[in-house]
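Below: the structure, in structure tokens.
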Amino acid sequence: MSAKKVDMHRLQDLVRYHRMGRSARQIARLLRMGRNTAKDYLEAMEKAQLLAGDLQQLPSVEELKAAIAQHAPPKPAPQQDSTVSQ
């Protein structure tokens, strides 16, 4: 089963909570995501310099998508070869 995709507006909420001074653990709980996932997203956004700024002016959804894609590009699906066909 594949992991559930994160709604990009939740990522804007993640930035907002970070700017409010919440910890990664609190953010993960509020957004109902894993702590490691929240930390990974925060790390990607930190590298893209999207975490600092005014609370009222959040980064656009496109900026967040680009930061996440650059930090952790999608992995290709594993090749599944059937042993029956050989």
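The values are calculated or read from the model by the stated rules, or taken from the named source; none is laboratory data. It should be emphasised that the depicted structure is a prediction, and the values quoted were computed from it without experimental measurement. Here the Cβ positions follow ideal geometry from the backbone for every residue, glycine too, while neighbour counts run over all protein chains shown.
Taking the numbered list (1) modelled with pLDDT under 90; (2) crowded, with 18+ Cβ neighbours inside 10 Å in turn, Ala28 passes all entries but (1).
Figure legend. Inter-residue proximity from region 53-73: first residues part of a loop (DSSP other than H, G, I, E, B), second residues acidic (Asp, Glu) and modelled with pLDDT of 85 or more, beta-carbon distance below 8 Å, spacing 6+ or different chains. Indicated pairs: Ala72/Asp40.
Only one of Asp13, Asp7 is at pLDDT 90 or above, surrounded by 11 or more Cβ atoms within 10 Å (Cβ to Cβ) and either among the charged types (D, E, K, R) or touching a strand residue (DSSP E or B) at 6+ places or on another chain (Cβ under 8 Å) (or both). Can you tell me which? Please lay out each step first, then the result.
Working: Asp7 fails: at pLDDT 90 or above.
Being at pLDDT 90 or above, surrounded by 11 or more Cβ atoms within 10 Å (Cβ to Cβ) and either among the charged types (D, E, K, R) or touching a strand residue (DSSP E or B) at 6+ places or on another chain (Cβ under 8 Å) (or both) holds for just one of Asp13, Asp7, which is Asp13.
Taking into account only those residues within region 44-86 that are loosely packed, with under 14 Cβ neighbours inside 10 Å and acidic (Asp, Glu), which is farthest from Met8 (Cα to Cα)? Spell out how you get there, then give the answer.
Taking region 44-86 and keeping what is loosely packed, with under 14 Cβ neighbours inside 10 Å, we get 47, 49, 52-57, 60-62, 65, 69-70, 72-86.
Still in the list and also acidic (Asp, Glu): 54, 62, 81.
Working: Asp54: 19, Glu62: 9, Asp81: 34 Å.
For region 44-86, the residue satisfying everything is Asp81.
Leu58 meets each of the listed conditions (1) over 17 Å from Ala72 (Cα atoms); (2) hydrophobic (A, V, I, L, M, F, W, C); (3) under 14 Å from the mean Cα position of the chain (by Cα) apart from (3).
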